[in-house]
Amino acid sequence: MSLVTEELKAKAEVYHGDQVCREKFSLLLAEVGLPDGLLTIQDIKECGYVKEKGFVWLKLEKKRKHRFDNILVCYDTVVTAYVEPNKIKNLTGVKAKDFLVWFTLNEIRVKGPPEGSVITFKSLVGLSMSFPVSLFQAGKEVPEAKEEKWCRIG
């Protein structure tokens with residue numbers, strides 16, 4: 001069952017096309033105090049935001065991977081979450097690989113003063129990883145992730 005229903009879409013700001021979705025989602029991330037470098041994926045075909053609930057979604061053309069420093073992140077074709085100041089919660093459709101283990105992420109939080117802030121990623125199993133926010137600032141050049149056939153979500 002999809003979390004993005006027609007009833008929900010009727011209450012949302014909905015955008016189509018990669019460029020406009022990337023722009024709108026980057027603005028939303030900045031508005032809630034999260035680094036816009038979290039949005040590194042391409043080929044977004046639809047995005048939406050239900051402001052009164054804080055619910056957001058991204059629909060992608062295909063599953064995508066991206067490497068942040070030494071962490072490989074895999075995005076499913078649909079990513080959903082609830083946003084609030086400095087936090088993304090109830091995240092679906094995103095996994096991170098550290099060493100040889102994949103973790104389904106369900107929360108992202110930024111803590112600390114603007115200088116030296118820390119971003120923490122929490123998994124469904126209770127594990128968390130923290131990094132400097134500067135690692136996720138837009139414009140940071142990071143090599144493209146290599147294809148891995150066993151990147152599965154869901």
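Spin-label pair Met129-Gln19: with each label point 7 Å from Cα along the Cα-Cβ axis, the two points sit 3.3 nm from one another. If the chain linking Val118 and Asp98 were pulled fully straight, counting 0.36 nm for each residue of separation and taking away their Cα-Cα distance, it would gain 5.4 nm. Accessible area per residue of the chain at 1.4 Å probe, in Å²? Roughly 58 Å² per residue, with all protein chains present.
Over all other residues within a Cβ to Cβ distance under 13 Å of Leu3, the charged ones net out to 0, with Lys and Arg as +1 and Asp and Glu as -1. Using alpha carbons only, the radius of gyration of the chain set against its Kirkwood radius gives Rg/Rh = 0.93. Here the sum of -39500 (n - 2.57) over DSSP H runs of 4 or more residues, divided by the residues of the chain, equals -3500 deg cm²/dmol at 222 nm, to the nearest 500. Would you work out what percent of the accessible area of the chain, with all protein chains in place, is carbon or sulfur (probe 1.4 Å)? Answer for the chain is 53 percent, counting heavy atoms of protein chains only. Each residue of segment 1-49 gets 91 Å³ once the volume of the Cα convex hull is shared out per residue.
Using only the C-alpha atoms, the convex hull of segment 32-118 corresponds to 96 Å³ per residue.
The values are calculated or read from the model by the stated rules, or taken from the named source; none is laboratory data. Because the structure is a prediction, the values reported are computed rather than measured. Methodologically, a virtual Cβ is constructed for each residue, glycine included, from the backbone with ideal geometry; neighbour enumeration extends over all protein chains shown. Ligands, DNA and RNA are excluded from the accessible area calculation, which covers all protein heavy atoms including side chains. Shrake-Rupley method; radii C 1.70, N 1.55, O 1.52, S 1.80 Å.
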